Amino acid sequence: MPKQPTTLQPIIERGLLVGAQLKNQPARFNLADSLAELARLAETAGVTVVDELTQMIERPNPATYIGSGKLNEMVQLVKAEDIQVVLFDDELSPRQQREMEKAINDDNVKVLDRTALILDIFAQHAHTREGALQVELAQYEYRLPRLTRAWTHLARQAGGRAGGASGGVGVRGPGETQLEIDRREIGRKIAFLKRELEHVRTHREQHRSRRRQSHLPLVALVGYTNAGKSTLLNALSSAEVLAADQLFATLDPTTRRLTLPGGRDALITDTVGFIQKLPTELIAAFRATLEEILEADLILHVVDASHGNVVEQAETVGEVLAGLGAADIPMLVALNKCDLLPGGDIPPALRAVFPAGVAISALTGQGLPQLRERIEETLLDIMSPIEVLIPYQEGELLDLFHRVGVVMRQEHRAAGTLLSGRLPKSVVGRFRAYETGSVGRETRRPEGL
């Protein structure tokens with residue numbers, strides 16, 4: 001029976017990074033920047049990078065990804081530098097992984113790709129049952145076609161994980177019968193995990209339904225990993241979410257109440273950070289969690305303004321959002337970590353890319369009052385203007401308008417209370433029967449907005 005996937009223990013291993021740039025196919029991140037990010041991922045997973053190997057290629061070698069000359073160079077480096085983990089910047093096919101393991105010919109050396117590394121980091125940082133189930137499912141689906149050589153890198157006991165995540169010690173070249181037994185067992189485990197996640201998904205939908213009944217607007221924090229989303233959530237809502245200077249420091253979604261300058265409340269939720277080449281297994285497994293974004297009235301895109309690849313990172317986030325179907329949701333950009341910029345100011349070139357972005361520092365508090373105001377203004381703008389005459393016997397509707405809407409004018413008349421203002425689109429339908437046909441579109445905002 002195959003052992004289950006698991007996470008790394010805090011054991012430092014010596015790693016070699018390998019990256020290839022395709023000729024005549026410009027990538028969003030250049031090779032040096034992509035490998036620098038891979039090094040950060042390796043550091044997060046407990047791997048010390050001691051060297052790197054790069055190559056320009058026309059197309060990946062179907063057998064070994066890199067060319068035969070670079071493969072020989074890689075094997076020599078592994079021996080000379082006492083390398084224990086070889087990390088590729090792109091996803092390897094099962095065949096490519098097997099062929100390189102054969103070339104190295106050392107069972108103590110693991111060949112892993114970026115996907116395996118990210119899966120491992122996610123497994124370390126998933127602390128809820130839902131998160132652990134999602135990561136375990138993604139690990140199994142990734143491992144299934146690679147059973148001929150189970151890598152030990154993900155095979156150390158994590159301990160205490162929901163869903164029993166553990167993982168992957170194996171031997172080279174098991175017999176076909178054992179391989180088929182392993183495949184069937186993993187297939188059963190995948191089916192089980194999908195059923196469990198469906199139960200979790202049902203529970204999450206019930207939670208969303210209760211949240212909708214509050215009619216509070218929802219703001220979803222999104223951003224590239226390590227952009228400062230958790231620090232911003234803590235600063236805006238007095239939450240106590242782990243905020244660390246490492247990739248994927250937090251994984252499980254957190255929702256808190258946010259009080260706006262005008263006194264009204266909104267909900268703000270943090271979601272998993274994005275990264276270039278995000279494994280498709282993770283996007284699929286975390287679909288239920290990422291759907292929190294689709295429920296949002298406003299997306300608050302947190303951008304690390306101090307990062308050298310700020311534009312590329314923002315484009316990556318936009319691409320993932322579009323893939324989720326969230327491209328049409330109103331978005332506000334927060335240009336974070338301005339305290340790390342000279343004078344704390346956004347450079348003109350970056351301001352040209354994000355002309356409406358709000359310059360902030362979630363760490364020092366710079367710009368947070370302005371950000372709160374912009375959140376409130378944006379939420380107001382996306383509410384529906386409406387004028388209604390509510391009969392006096394419909395006191396519940398009158399209370400609802402005051403509680404979740406913005407009242408710009410109120411008059412008491414013989415037939416009821418005339419209210420003009422704005423309402424969240426989710427509740428407008430309950431007031432349609434009492435519309436006057438004259439929508440108040442005053443340009444002035446109520447006090448505090």
**Report entry** Additional length obtainable on full extension of the chain from Arg403 to Arg184, 0.36 nm per residue less Cα span
**Finding:** 73.3 nm
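Kindly provide the GluC sites (Glu not before Pro) of the stretch 65-101 that DSSP labels as loop, not H, G, I, E or B, and whose Cβ sees at most 13 other Cβ atoms within 10 Å. It would help to have the intermediate numbers written out before the result.
On the way: sites: Glu73, Glu81, Glu91, Glu99, Glu101; in loops: Glu81, Glu91.
Loop-located and lightly packed - Glu81.
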Query raised in the report: Which FRET efficiency value, to the nearest 0.05, do you get for Ala349 and Gln410 by plugging their Cβ-Cβ distance into 1/(1 + (r/R0)^6) with R0 = 41 Å?
Result: 0.30
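For Gln21 and Arg430, compute 0.36 nm times the residue count separating them, minus their Cα-Cα distance, and round to one decimal in nm. Write down the numbers at each step before the final one.
On the way: separation 409, 0.36 × 409 = 147.24 nm, distance 5.68 nm.
Stretched fully, the Gln21-Arg430 segment lengthens by 141.6 nm.
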Report summary line: Taking a ≥ b ≥ c as the square roots of the Cα gyration tensor eigenvalues, with a/c under 1.5 meaning rounded and otherwise prolate when a/b beats b/c or oblate if not, the stretch 13-164 comes out prolate
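Quick one: if the Förster radius is 25 Å, what FRET efficiency do Glu13 and His127 give, using the C-beta to C-beta distance and rounding to 0.05?
Working: r = 24 Å, r/R0 = 0.95.
Given R0 = 25 Å and the Cβ-Cβ separation, E is 0.55.
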Report task. With the Cα gyration tensor of the stretch 384-434 in hand, convert its eigenvalues to equivalent ellipsoid semi-axes via √(5λ) and list them largest first in whole Å. Result -> 16, 11, 9
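What is the order of Thr259, Thr254, fewest Cβ neighbours within 10 Å to most? Walk me through the numbers before you get to the answer.
Working: Thr259 13, Thr254 20.
Going from sparsest to densest Cβ surroundings: Thr259, Thr254.
Can you sort Phe122, Phe192 by how many other beta carbons sit within 10 Å, fewest first?
Details: Phe122 24, Phe192 14.
Lowest to highest Cβ neighbour count: Phe192, Phe122.
Using only the Cα atoms of the stretch 216-380, build the gyration tensor, take square roots of its eigenvalues as a ≥ b ≥ c, and label the shape rounded, prolate or oblate: rounded if a/c is under 1.5, else prolate if a/b is larger than b/c, else oblate.
Values: a/c = 1.39, a/b = 1.09, b/c = 1.28.
Rounded is the answer for the stretch 216-380, as its axis ratio a/c remains below 1.5.
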Report task. Could you tally the net charge around Leu53, taking each other residue with its Cβ under 10 Å from the Cβ of Leu53, Lys/Arg +1 and Asp/Glu -1? Result -> -2
**Report entry** Förster-model FRET efficiency, 35 Å R0, Asp33 and Asp107, C-beta, rounded to 0.05
**Finding:** 0.60
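Coordinate-derived values only; no laboratory data. Note that this is a predicted model, so its numbers are computed, not measured. All Cβ positions, even for glycine, are placed from backbone atoms using ideal geometry, and neighbour counts span all protein chains on display.
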